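The values are calculated or read from the model by the stated rules, or taken from the named source; none is laboratory data. All values reported here derive from a predicted model rather than from experimental measurement. Positions of Cβ are generated from backbone atoms using ideal geometry, with glycine treated the same way; all protein chains shown enter the neighbour counts.
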């Protein structure tokens, strides 16, 4: 396993001129940064391909129009359950064996699962494979962000994590165009093939120097119980999860089930779920870039996260409570919701920066997957409320709850922008 020969995380010399454009670009084109970014692109392609092809794939498997919402939620929840389990497994593995073991193992599993999705002939097969794909998808983002945060100098690591997150969002946009050009089975084959090709590039990736330094020491690594045996550490972990709830309320409910919302809102034309996803994630590309650069400019994660949360809550209110009949305006609102979701970059970065090296991969991998998995209780509440209040007000109630919880959690989180990552958590 290679170690970065130019490991510069803690050297002041490397930080001599962190605002120099050439210096920043030189750091960002390191192999680990580029491969982590491309890996997350393929990850997000697969994760959101299901949202894009949900309707045509289920219809081709014999699902009735009336059952599309309920069956779609079942598959989405199984995928998210896989993400929850995988998030814990890959996180522990990343701290015990290294970041690279996760980058290799996760992409292999979800690439093969992706290809297998293209061969399904029944709803039951589809359900099993979405769960397996979820397990594989769980490792990519956390391991990539952890590696990038540890390889780059601390004053510019925000640029690196922004690059990774932005490439991931482009993967979701790519899923729309591939599904538009090809049928849903071929789209799954393409995602799996891209993942297997990426494995070749990963042969040249070196391990984080910070991890290598503690690997042979008698330090407890990847012990998930350490997150629960200390009250302060547990609350910090919980708050990292809660600040991401609004992102997956928007993605998992408002965007994924946009055809059903469009019908309830009385939009003149049928809403295409694939287009809603494409516009939302096109907006998020800009949001990721904006939040990352604003965080660097103001040297703060928390202030920018709060700003984007407030924009997101405003746009969710417009989406649900001030309906438009024009489908073009509706897609524009989806794009603005996506832009507001751009604090995903900072959310994941904060999770990686908040904990020591011996727990960093466990946290950075499990936190975003617990947030993705929050779709399960959020959709359960949504379905529960829908029977009494209707689809619009049910979504509004769930959204309000998620935004209030997230703002309170953010209020009590520490600022991490200037934090040195070369430390460990004590048992």
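Here are some notes:
- Residue ranges of helices (runs of 4 or more DSSP H) in segment 312-427 with at least 2 members modelled with pLDDT of 95 or more: 327-340, 375-411
- Filter pass, residue 96 being within 30 Å of residue 297 (Cα to Cα) and either at pLDDT below 85 or surrounded by fewer than 22 Cβ atoms within 10 Å (Cβ to Cβ) (or both): no
- Residue 111 more than 22 Å from the chain's Cα centre (by Cα), crowded, with 21+ Cβ neighbours inside 10 Å and assigned to a helix (DSSP H, G or I): no
- In this structure, residue 212 qualifies as in contact (Cβ under 8 Å) with a residue 60 or more places away in the chain, under 22 Å from residue 360 (Cβ atoms) and in contact with a strand residue (DSSP E or B) (Cβ under 8 Å, 6 or more places away or on another chain).
- You will find that of 158, 195, the residue that is in contact with a helix residue (DSSP H, G or I) (Cβ under 9 Å, 6 or more places away or on another chain) and either closer than 26 Å to residue 78 by Cβ or surrounded by fewer than 17 Cβ atoms within 10 Å (Cβ to Cβ) (or both) is 195 and no other.
- The set of residues in segment 244-299 that are in contact (Cβ under 8 Å) with a residue 40 or more places away in the chain, surrounded by fewer than 18 Cβ atoms within 10 Å (Cβ to Cβ), part of a loop (DSSP other than H, G, I, E, B) and on the phi < 0 side of the Ramachandran plot comprises 268, 269.
- One residue from 163, 129 being assigned to a helix (DSSP H, G or I), at pLDDT 85 or above, farther than 30 Å from residue 60 by Cα and in contact with a helix residue (DSSP H, G or I) (Cβ under 6 Å, 6 or more places away or on another chain): 163
- Unique residue being out of contact with any strand residue (DSSP E or B) (no Cβ under 6 Å at 6 or more places or on another chain), modelled with pLDDT of 85 or more, in a helix (DSSP H, G or I) and surrounded by 17 or more Cβ atoms within 10 Å (Cβ to Cβ) when the list is 33, 102: 33
Conditions tested, residue by residue: (1) in contact (Cβ under 8 Å) with a residue 40 or more places away in the chain; (2) in contact with a helix residue (DSSP H, G or I) (Cβ under 9 Å, 6 or more places away or on another chain); (3) surrounded by 24 or more Cβ atoms within 10 Å (Cβ to Cβ).
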position: 319; (1), (2), (3): yes, yes, yes
position: 362; (1), (2), (3): yes, yes, yes
position: 394; (1), (2), (3): no, yes, no
position: 424; (1), (2), (3): yes, yes, no
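- Boolean, residue 173 is buried (at least 18 other Cβ atoms within 10 Å of the Cβ), under 16 Å from residue 43 (Cα atoms) and at pLDDT below 80: no
- Any hit, segment 328-340, residues being more than 20 Å from residue 256 (Cα to Cα) and either free of Cβ contacts under 8 Å to residues at least 40 places away in the same chain or within 21 Å of the chain's Cα centre (by Cα) (or both): no
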